[in-house]
Amino acid sequence: MSLTNRYMADRAGAVKPEVGMPATLLYWSDRKPATVVRVSASGREVEIQRDRSKRTDDNGMSEGQVYEYERDPHAVREVFTLRKNGRWVEKGMRMGQGLRLGLGYREEYYDFSF
């Protein structure tokens, strides 16, 4: 996981999840936008749906990427759980593995260097 995405994953546990809150799926270096659609009673499990994104800049293969986002109510739902290390990790995956989730912000980023 890139340093930027690791930082985003580490700070996500401090955010109290709420339905409708923006979220970001954190891959190795790429990021995908999502929205929280369900929060468990304990607040330690969230369900998200990926959002649609459209790139709006003309910067080509660059770091300077600008996107607009739109909710996709028909997207597949994915479940994440808050782990003891303070990170949100895809349910069913080990704490140190699996897809991670950032809460409180929505961001798309494609790393062209891979």
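Scan the stretch 105-114 residue by residue and report those that are in a loop (DSSP other than H, G, I, E, B) and surrounded by 17 or more Cβ atoms within 10 Å (Cβ to Cβ).
Listed by number, the residues that qualify are Arg106, Glu107, Glu108.
Is one or more of the residues making up the stretch 27-36 at pLDDT 95 or above and more than 13 Å from the chain's Cα centre (by Cα)?
no
So which strands (runs of 3 or more DSSP E) stay within the stretch 8-92 end to end and still have 3 or more residues that are of a type outside the set (Gly, Ala, Ser) and closer than 13 Å to Arg106 by Cβ?
Per the criteria, 22-26, 31-39, 45-50, 67-70.
Name the single residue, out of those in the stretch 56-104 being in contact with a Gly (Cβ under 6 Å, 6 or more places away or on another chain) and either open to solvent by less than 30 Å² (accessible area, probe 1.4 Å) or of a type in the set (Gly, Ala, Ser) (or both), that is nearest to Arg38 (Cα to Cα).
Per the stated criteria, the residue is Val89.
Among the residues in the stretch 54-72, are any on the phi < 0 side of the Ramachandran plot, touching a Leu at 6+ places or on another chain (Cβ under 6 Å) and among the basic types (Lys, Arg)?
Among the residues of the stretch 54-72, not one is on the phi < 0 side of the Ramachandran plot, touching a Leu at 6+ places or on another chain (Cβ under 6 Å) and among the basic types (Lys, Arg), which makes the answer no.
How many residues does the stretch 7-26 contain that are open to solvent by less than 80 Å² (accessible area, probe 1.4 Å) and at pLDDT 90 or above?
Going through the stretch 7-26 one residue at a time, the tally reaches 8.
The values are calculated or read from the model by the stated rules, or taken from the named source; none is laboratory data. Fair warning: this is a prediction, and the values are worked out from it, not measured in the lab. Cβ atoms come from the backbone with ideal geometry, glycine included; neighbour counts cover every protein chain shown. Side chains are part of the model used for accessible areas, which takes the heavy atoms of the whole protein and leaves out ligands, DNA and RNA. Shrake-Rupley method; radii C 1.70, N 1.55, O 1.52, S 1.80 Å.
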